[in-house]
Amino acid sequence: MNTDMSIDSNLKEIVEELKRYLEFQESMGLKTVTAYNKETENGTQLITEKEVPRTEPMATKNNQTEEDIIIIEEPANLFDGSKTMTLEEIREEIGDCTRCKLHEGRTNLVFGDGNPKAKLVFVGEGPGRDEDMQGKPFVGRSGKLLTKIIEAMGLKREDVYICNVVKCRPPDNRTPEPNEMSTCEQFLFKQIRFIKPEVIVCLGATAAKSILRTKASLGSLRGKFHMYSGTKLMVTYHPAALLRNPHFKKPAWEDMQVVMKELGLPLPKN
Ligand code: SF4
């Protein structure tokens, strides 16, 4: 019984990892996948290629394409006539949240951490296992790499603010579902409104898609500033993607240097 459950859990992790890998490849512009799925009569494998449908960018107010800079305002219905809440008030409003099904598997709700007056805010997609256990964002392997990136920028972790789109861990570290993100993202928007950073960095396509309301690929979004409610927003790779594929460290570091320049931080000499 336990063995069955463990196989089931391992299988889920493999499927989730494969899904993330394919999404990542798609975000890099991959249009086709090669499937080795049939054997011919002489026993050799038949190779078929399937077209992966490209998702078109969601229509924005400016009808922009993937190549464009996205300019988006904070959701008016969330703030219309309401005052800016402090981080304490936002945390109080979340309470012991059961607004979406992610509450069922959480150990700790992961609100966010760091300097409430930060000039730089990092936004990930959701807590992982270590974060769920400790109640703090980015404390596992990805978090350690993020800390290194922050330090390489000439900052300390305490100088920045770090949070996620969803505050509770999705089971098996799966990508949060659209309804989970749309339920939880109100708290992220309130956090950003209070902190008023100079720059937001979205770590990975999921956070970017949530804030910028786009389906554009990570590859087309990164490397330039978009605007969220008057704040410059950079999209770059999630540290977990950098751990999986070190080739992406260079472009991610280039993204961070654009951010450093914007913040007036000294750039490293080549
Ligand atoms: S993920 Fe967000 S909306 Fe869902 S239960 Fe957790 S705090 Fe509530």
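Taking every alpha-carbon pair under 8 Å whose residues sit at least 6 apart, segment 91-187 reaches a relative contact order of 39 percent. What shape does segment 59-263 take by its C-alpha gyration tensor, where a ≥ b ≥ c are the square roots of the eigenvalues and a/c under 1.5 counts as rounded, a/b above b/c as prolate, and the rest as oblate? Cα axes put segment 59-263 in the rounded bin. Label separation (GLU262 vs LYS156): 2.5 nm, computed from points 7 Å beyond Cα along the C-beta direction.
Dividing the mean sequence gap of close Cα pairs (under 8 Å, 6+ apart) by how many residues segment 118-270 holds gives a relative contact order of 26 percent.
Here the 3J(HN,Hα) profile of segment 201-209, calculated from phi with Karplus coefficients 6.51, -1.76 and 1.60 at θ = phi - 60°, is 10, 8, 8, x, 5, 5, 5, 5, 5 Hz, Gly and Pro shown as x. The stretch between ARG244 and ILE71 holds 59.2 nm of extra length on full extension. This uses 0.36 nm per residue minus the Cα-Cα distance.
Among 245-254, 126-135, sorting by the average number of other beta carbon atoms lying within 10 angstrom of each residue, highest first, gives 126-135, 245-254. The stretch between THR84 and ASN108 holds 6.1 nm of extra length on full extension. This uses 0.36 nm per residue minus the Cα-Cα distance.
Throughout, read-outs are computed from the coordinates displayed, never taken from laboratory work. Fair warning: this is a prediction, and the values are worked out from it, not measured in the lab. Cβ sites come from the backbone with ideal geometry, for glycine too, and all protein chains shown count toward neighbours.
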